[in-house]
Amino acid sequence: MKLHELRPAKGATHKDKRVGRGDGSGHGGTSGKGTKGGQSRAGYKSKMAHEGGQMPIQRRIPKRGFKNPHRVEYKVLNLGQVEQLAEKYNLTEFTPETLYINGLINQTDRIKILGNGELKSKFTFKVNAVSEKAKAAIEAAGGSVEIVK
C-alpha cells in the first residue's frame, strides 16, 4: 500500500446535498422547503417554545402561589452540626468569613444558628440570626453570640 492509494472506507463519505441547482438534482426549484410561507423564506427563525399554533405550555398551565420578593433566606446551622464542623475544620469562631474560607457557605449567604443538638465546647459566633434556645445553649457552654448585619 502506498500513500497515493489511501481511500476512505466504503460508505464513510458521501456527497453533500446541493440544493437549488436545477430540477435534475432532485433538490432544485424550492430547494426542499416547500412553497410559500415563513419557513420557505430567508431569515426564518422559529420562536423559542413555539408549538406550531397549539396553545403554549406557559399559557396552558395556571399560575400558582406567591413569591415574596422581600423574603430573607438563611443557611441554617444546628448546634449539633456546629460541634461536628468545629472538629472537622478546627474552628473556635463561627463567622461568615471563616465559614466561607472553609467552603461551607457562599459569600453572600446569611447564617442562622438553631438549637437542635448539644454544645459541649465554648465557641464565638458572629452570625446574622440565632434562635433563643441556641443562644441560651451557647451562653451556658461559655460561648458568646454577636448578631451582625
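Here, each number is a calculation from the coordinates, and none is a lab measurement. The structure presented is a predicted model; accordingly, all values stated were derived computationally and were not measured. We place every Cβ from the backbone using ideal geometry, glycine too, and count neighbours over all the protein chains shown.
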GluC sites (Glu not before Pro) within segment 71-112: DSSP coil, no more than 12 neighbouring Cβ in 10 Å: Glu73
Entries of Lys15/Lys47; Lys88/Lys149; Lys67/Lys133; Lys122/Lys149 with Cα pairs more than 25 Å apart: Lys15/Lys47; Lys88/Lys149; Lys67/Lys133
11 Å beta-carbon shell around Gly26, net charge (K/R +1, D/E -1): +2
Efficiency of FRET from Cβ geometry, Lys45 and Asp23, R₀ 35 Å, rounded to 0.05: 0.75
Kirkwood Rh (inverse of mean 1/r, distinct Cα pairs), the chain, angstrom: 22.7
DSSP-defined beta bridges in the chain - what % are antiparallel, rounded to 5: 0
Distant-in-sequence amide H partners of Lys126 (H built 1.01 Å from N, under 5 Å): Phe94, Thr95, Glu146
Where trypsin sites (Lys or Arg not before Pro) fall in DSSP loop in segment 9-96, at most 10 other Cβ within 10 Å: Lys10, Lys15, Lys36, Arg41, Lys45, Lys47, Lys63, Arg64, Lys67, Arg71
Cβ-defined net charge surrounding Asp109, 9 Å radius [Lys, Arg +1; Asp, Glu -1]: +1
Long-range tail of P(r) for segment 81-149 (Cα pairs > 20 Å, %): 19
Near-label residues of segment 100-144 by backbone N, under 16 Å of a point 7 Å along Cα→Cβ of Tyr89: 100-114, 123-129
Amide H contacts under 5 Å for Ser31, placed H, 5+ residues apart: Gly20
Karplus-derived HN-Hα couplings along segment 75-82 (A = 6.51, B = -1.76, C = 1.60, θ = phi - 60°), whole Hz, x at Gly and Pro: 7, 9, 10, 8, 4, x, 5, 4
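Shape of segment 1-80 from its Cα gyration tensor (a ≥ b ≥ c, root eigenvalues): rounded if a/c is under 1.5, otherwise prolate when a/b > b/c, or oblate?
In terms of gyration-tensor shape, oblate.
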Residues His70 and Thr98, FRET efficiency given R0 of 35 Å [Cβ-Cβ distance, rounded to 0.05]: 0.75
Filtered chymotrypsin sites (Phe, Trp or Tyr not before Pro), segment 1-104: DSSP coil and at most 10 other beta carbons within 10 Å: Tyr44, Phe66
Residue-by-residue Karplus 3J(HN,Hα) for segment 46-60, coefficients 6.51, -1.76, 1.60, Hz, glycine and proline x: 5, 5, 4, 6, 6, 10, x, x, 5, 4, x, 4, 5, 9, 6
